[in-house]
Amino acid sequence: MVENRAERVHLGRGFWGVTALLAVLAAASVVFWYVAPVYDWLHLPVAIETAKHVDELSTFMFATGSALYIFVLGYIIYFSLEFRARKSDPPDAIGIQIHDNHKLEFWWTIVPAAFVVLLSVVSVRIWYQIMPLAPATDLVVESIGHQFYWTFRYPEINGEVTGEMHLPVGVPVDLNLTSSDVIHSFWVPAMRLKNDMVPGMVTVIRLTPTKPGRYPIVCTQFCGTAHNTMNAMVDNTKQFVVVEDKASFDKWYQGWKIKNAHVSNELPVASTGTVDLANGSVSAGQALFAQKCSACHALGPFSQVVVGPGLKGVLHDPAHPNLVDGDPSTPENVAKILQNGYTGSMGSMPNASTNGLTNQDISNLVAYLNSLK
Ligand code: CUA
């Protein structure tokens, strides 16, 4: 064991001076987070009262985090300069050995553990402040995530509301969230509330909007190639939550009730039986392909695999006379795969029921695929 560093088993000459400097910087950073209008800079207005509790937690974490960061980084820089290898050291010199220093190990375990417990206590307290346990009785709104937009359902409006979601100010509301295709996440930054939208599952956000305004909705799960278009923070032509007084809300609500009066609330019936391929619409098929198929299928040649194979020429490719299930590539057999789904060596694709395809949808898709040569 080389003992040439024995004389340096100490904290270094400048330790207490550096500590005092870091303490001043850390205190300044804490003051900064509590005084600076950070949430204004981030364009985060407060649309509901409870958003303030989330901000309190964020500010607490920013403040303690930056103070810790200043100490950790400061000491790393100080110690690596103070205890750097000197020219006079022999080539096999090793640093000061601190293994089995029980006092040190005790403190570096206790301090972070106590901090984590403190954080969890503060977080759980705020969780109960922002999430009422009782369901809302006045208004329940459903929001459904799609690739790549949201629709909304209201108790007395037939069908779905597109575009903006409106909420009356001061009325407790339950937002029931789900998805029609892949996992999205519904986030209204001004409300500091977010929940995933999972197909086949309903998740809930409970809130009482308290400040009228127009607040962006953002999707925060990568949900496909156009995920970025589900973000009204960066594109103000996208979808917003509009919080308004009761009279304006009622007017909007009546408007949609009348507009959708003729719309049926029946769900489309998933494809069964024989599909009539004669009346497919290429343009409707193209729109549907972009909406439902493009997440997994490119419009390139067979070899251009995204999740499934590229579908350009699926009906006109001499190199691939058969479909992935081995059947000849005819419109009828493509319709059969769309109806029943596929599981095999290429992977798997859900059936028409899971993909939400009606007989007409399948007929449109086959017409479109047939047009790609
Ligand atoms: Cu929807 Cu990302």
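The values are calculated or read from the model by the stated rules, or taken from the named source; none is laboratory data. From a predicted model like this one, the values you see are computed outputs, not experimental measurements. Note that we place each Cβ from the backbone using ideal geometry, even for glycine, and neighbour counts take in every protein chain shown.
Exactly one residue out of 269, 263, 307 is exposed (fewer than 13 other Cβ atoms within 10 Å of the Cβ) and touching a Ser or Thr at 6+ places or on another chain (Cβ under 9 Å), and it is 269.
Only one of these is over 24 Å from residue 343 (Cβ atoms) and either among the β-branched types (Val, Ile, Thr) or within 16 Å of the ligand (Cβ to nearest atom) (or both): 237, 330, 272. Name it.
Numbers: 330 fails: over 24 Å from residue 343 (Cβ atoms); 272 fails: over 24 Å from residue 343 (Cβ atoms).
Selected residue: 237, the only one of 237, 330, 272 that is over 24 Å from residue 343 (Cβ atoms) and either among the β-branched types (Val, Ile, Thr) or within 16 Å of the ligand (Cβ to nearest atom) (or both).
Restricting to the range 65-81, and then to whatever is among the hydroxyl-bearing types (Ser, Thr, Tyr) and surrounded by fewer than 18 Cβ atoms within 10 Å (Cβ to Cβ), can you tell me which residue is modelled with the lowest pLDDT? Of everything passing the filter in the range 65-81, 80 is modelled with the lowest pLDDT.
Checking each residue in the range 141-164 for being out of contact with any helix residue (DSSP H, G or I) (no Cβ under 9 Å at 6 or more places or on another chain), in contact (Cβ under 8 Å) with a residue 12 or more places away in the chain and assigned to a strand (DSSP E or B) picks out 141, 142, 143, 144, 152, 153. Residue 333 meets each of the listed conditions (1) free of Cβ contacts under 8 Å to residues at least 12 places away in the same chain; (2) within 34 Å of the chain's Cα centre (by Cα) apart from (2).
For the structure I just gave you, tell me whether residue 148 is touching a Cys at 6+ places or on another chain (Cβ under 9 Å), at pLDDT 90 or above, under 25 Å from residue 292 (Cα atoms) and within 16 Å of the ligand (Cβ to nearest atom). Answer is no for this residue. Restricting attention to the range 322-337, the residues being within 21 Å of residue 353 (Cβ to Cβ) and polar (S, T, N, Q) number 1. If the condition is being of a type outside the set (A, V, I, L, M), surrounded by fewer than 17 Cβ atoms within 10 Å (Cβ to Cβ) and not in a loop (DSSP other than H, G, I, E, B), then the range 230-251 contributes 246, 248, 250, 251. For residue 312, the criteria (1) of a type in the set (D, E, K, R); (2) surrounded by 13 or more Cβ atoms within 10 Å (Cβ to Cβ); (3) under 20 Å from residue 145 (Cα atoms) hold in every case but one, which is (3).
Scan the range 106-120 and tell me whether some residue there is outside any helix (DSSP H, G or I), closer than 30 Å to residue 183 by Cα, touching a helix residue (DSSP H, G or I) at 6+ places or on another chain (Cβ under 9 Å) and at pLDDT 90 or above.
Keep residues of the range 106-120 that are outside any helix (DSSP H, G or I), which gives none.
No, every residue in the range 106-120 fails to be outside any helix (DSSP H, G or I), closer than 30 Å to residue 183 by Cα, touching a helix residue (DSSP H, G or I) at 6+ places or on another chain (Cβ under 9 Å) and at pLDDT 90 or above.
Can you tell me which residue among 198, 202 is closer than 21 Å to residue 291 by Cβ and surrounded by fewer than 20 Cβ atoms within 10 Å (Cβ to Cβ)?
Working: 202 fails: closer than 21 Å to residue 291 by Cβ.
Answer to the selection: 198.
With away from the ligand (no atom under 16 Å from the Cβ) and in a loop (DSSP other than H, G, I, E, B) as the only criterion, which of 86, 125 stands out?
On the way: 125 fails: in a loop (DSSP other than H, G, I, E, B).
Only one candidate qualifies: 86.
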